[in-house]
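Input: a single structure, listed below in structure tokens.
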Amino acid sequence: MVASNILLYFFLLISADLTYKNVAQAPEYCGKKNGYALDDKNCFWHTEFTSKRYILYDVNPPEGFNLRRDVYLRTSIFVRNLSEKSKKRYQWHLVLPPWGNLYHWRSTDIGPQKQIPWSTFFDLESLKKYVPVIEMHEFIKEYSQNSKTSAIDRVYILQNDEKMFETGNFDDKNQLVNCTPDALRKYQASSSGNYGAKFWGYSNVTANEVKCLVYHGTMSGLEENLYPDIYSSVMFDHMEIPLHDSYGTKEFWAARRSMRYNSALYEIANDFSQKYLKSNDSRDKTELPMDWTKEKSKRNALGGPYLCVHLRRRDFLIGRAGSVPTIKNAASQLSIKMEELNLQSIFIATDAENNEYNELKSLLNMYAVTRYTPSDSVKKLYKDGGVAIIDQIICSKARYFIGTHESTFTFRIQEDREIMGFPSKMTFNELCGIEKCKSRSSWKILW
Ligand SMILES: Nc1nc2c(ncn2[C@@H]2O[C@H](COP(=O)(O)OP(=O)(O)O)[C@@H](O)[C@H]2O)c(=O)[nH]1
Ligand SMILES: [Mg+2]
């Protein structure tokens, strides 16, 4: 029966009046993989209809929030390109990996910070205007249909090409290799043959196959591993490995502009800046249309009458000691700027310990120095990730911004300011570190 269905499928494929609908309904669809019988209940709904295909991904656990946002951009551009190429034959969907257990999320008084949906931080309707995204919990519901678990068809664990530097061969690479026990640790096979994993802590998500793939190249090269005639869901772990196809292009900026935050976070940030920083969107020319697709190129943003500094501390003091200033030195760089700009207010976004913040504040006592301290309810609702975004929004609307060298937290603020239309010289500034100042290129927006 399976064989005859395969024949039927090939007939459909070569028939001249082939419609997309026919392919999507190709009945062998599930029969091809893992020896499923067509009446297998796992298979049932796949064969029923559908041209929906899902891309899932995850990122190396130690990576921080703001690098993960960049991985999202690369992935969303990849999925959008897939949709465009497949011309409605498949409906590609990007499943948003829940947020959780990030190294920097230290608050212990707000409950567990895991399985957090993207809607806590971002505006899903805006994301969807760029690419069809769905939350993990929606995927589980939709994909499991009536069964208890959702089995992802194939998972690729992406791995760097460790030999690249030895051999000096930097060509693109996309090669299946045997998985080492170490690589597979997260994906233990159960007696039923399925891989259970700590897929974001969901016990009802498993995988039918797990493969290791040495990968070097840009995102678009991943396409050859999808086999959409066979698999309806493919996951890539370590999605930070493939590089941008189009960093800094119009396409990049369209995807970036779609990353609007949850509107509640803008409201909290705006209330704060209105109250403590005399800031107001219409006066400061920082208003944007509700719909990001209606945004237009501009360079006339003024910003609220305050300087914002992003002062990155903690792990940067160890990992990048040379490129961050001492508190004293930061204070002196800031007062020079404040005088130059003739401003009275400084907003400080920082992950510094209280003693460092207090030291900075007292060294700058000729100015009004503020930072945002969330209420208990804001912290409970929006967690450490939301509080960090509120800091970023406030900085994005400052008259002048100065950040920390090579901090992705700083980069995301700079991008938001580019979108809002600040003159670039009010945005691409960074504190000099203990060692001499390092130069930073300014990644200006393209429309
Ligand atoms: N609220 C707040 N959190 C910050 C600030 N700077 C750093 N953090 C926290 O530390 C994390 C830094 O990690 P990441 O996002 O990877 O940025 P990067 O390490 O600076 O490139 C952020 O995601 C925040 O959780 C800040 O100014 N304000
Ligand atoms: Mg980081």
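Just the accessible area per residue of the range 289-447, please: how many Å² with a 1.4 Å probe?
Each residue of the range 289-447 exposes 44 Å² on average to a 1.4 Å probe.
Under the classification rounded if a/c is under 1.5, otherwise prolate if a/b is larger than b/c and oblate if not, where does the range 295-371 fall, given a ≥ b ≥ c as square roots of the Cα gyration tensor eigenvalues?
Oblate shape, in that a/c is at least 1.5 and b/c is the bigger or equal ratio.
Roughly how many whole Å is it from the C-alpha centroid of the range 87-135 to that of the range 137-187?
One Cα centre to the other: 20 Å.
How much accessible surface does S441 have with a 1.4 Å probe, in Å² rounded to 10?
Looks like 70 Å² after rounding.
Could you tell me the relative contact order of the range 51-237? Use alpha-carbon pairs under 8 Å, at least six residues apart, and round to a whole percent. Can you show the working numbers first?
Numbers: 288 pairs, mean separation 53.0, N = 187.
RCO, the range 51-237: 28 percent.
Starting from the Cα of K436, draw a straight line to each of the aspartates and glutamates and keep only those under 18 Å, dropping any in the same chain fewer than 8 residues away.
The reachable aspartates and glutamates, counting only those whose Cα sits under 18 Å from K436, are E406.
Exposed loop sites here are GluC sites (Glu not before Pro) in DSSP loop states with at most 15 other C-beta atoms within 10 Å. What is the longest stretch of the chain lacking them? Walk me through the numbers before you get to the answer.
Details: sites that count: E162, E287, E353, E435.
Longest run free of exposed loop sites: 1-161.
Any idea what log10 I(q)/I(0) is at q = 0.14 Å⁻¹ for the range 51-237, Debye with uniform C-alpha scatterers and no solvent?
Taking Cα atoms of the range 51-237 as identical point scatterers yields -0.85.
Based on DSSP H runs of at least 4 residues, each adding -39500 (n - 2.57), what is the mean residue ellipticity at 222 nm of the chain after dividing by all its residues, to the nearest 500 deg cm²/dmol?
Mean residue ellipticity at 222 nm (helix-derived): -10500 deg cm²/dmol.
Using only protein heavy atoms and a 1.4 Å probe, report how much of S51 is accessible, in Å² to the nearest 10.
20
What do the square roots of 5 times the Cα gyration tensor eigenvalues come to for the range 64-105, in whole Å, largest first, as semi-axes of the equivalent ellipsoid?
They are 28, 10, 4 Å, listed from largest to smallest.
Please list, short to long, the whole-number percent of alpha-carbon pairs of the range 89-129 in consecutive 10 angstrom bins beginning at zero.
The distribution over the range 89-129 is 22, 44, 23, 8, 2, given as percents.
Does anyone have the angle between helix 327-341 and the longest principal axis of the chain? Alpha-carbon axes, 0 to 90°, nearest 10?
So the helix axis and the longest Cα principal axis differ by about 80 degrees.
Sequence neighbours fewer than 8 away in the same chain don't count; with that in mind, list the aspartates and glutamates whose C-alpha is under 18 Å from K87.
D17, E223, E224, D229
Treat every Asp and Glu Cβ in the chain as -1 and every Lys and Arg Cβ as +1, leave all other atoms uncharged, and give the resulting dipole magnitude about the Cα centre to the nearest 20 debye.
Values: 59 positive and 53 negative charges, 207 e Å.
That gives a dipole near 1000 debye.
Averaging the inverse of every distinct alpha carbon separation and then flipping it gives the Kirkwood radius. What is it for the range 262-426, in angstrom units?
For the range 262-426, inverting the mean 1/r across all distinct Cα pairs yields 16.3 Å.
Which entries in the list K163/K250; K52/K129; K85/K285; K285/K337; K128/K444; K141/K383 go over 27 Å, if you measure between the two C-alpha atoms of each?
K163/K250; K85/K285
Leaving out ligands, DNA and RNA, and with a 1.4 Å probe, what % of the accessible surface on the chain is carbon or sulfur?
Working: 11120 of 21150 Å².
Carbon and sulfur: 53 percent of the exposed surface of the chain.
Run the 1.4 Å probe and let me know the accessible area of L307, rounded to the nearest 10 Å².
0
Would you please calculate the Kirkwood hydrodynamic radius of the chain over all C-alpha pairs and express it in Å, rounded to one decimal?
Evaluated on the chain, it is 24.1 Å.
Have a look at P112, I402, L243 and report the one farthest towards the positive end of the charge dipole of the chain, computed about the Cα centre with Cβ charges (Lys/Arg +1, Asp/Glu -1).
So the residue furthest toward the plus end is I402.
How about the range 53-147: which chymotrypsin sites (Phe, Trp or Tyr not before Pro) there are in a DSSP loop, with at most 13 other Cβ atoms within 10 Å of their Cβ?
Answer by residue number: Y103.
Quick check for you: with a 1.4 Å probe and neighbouring chains kept, what is the accessible area per residue of the range 51-237, in Å²? Can you show the working numbers first?
Values: 8580 Å² over 187 residues.
In whole numbers, the range 51-237 has 46 Å² accessible per residue.
The values are calculated or read from the model by the stated rules, or taken from the named source; none is laboratory data. Just so it is clear, the structure is predicted and the values come from calculations on it, not from any experiment. Quick reminder, even Gly has a Cβ in these numbers, built from the backbone with ideal geometry, and neighbours come from all protein chains shown. For accessibility, only protein heavy atoms count, side chains too; no ligands or nucleic acids. Shrake-Rupley method; radii C 1.70, N 1.55, O 1.52, S 1.80 Å.
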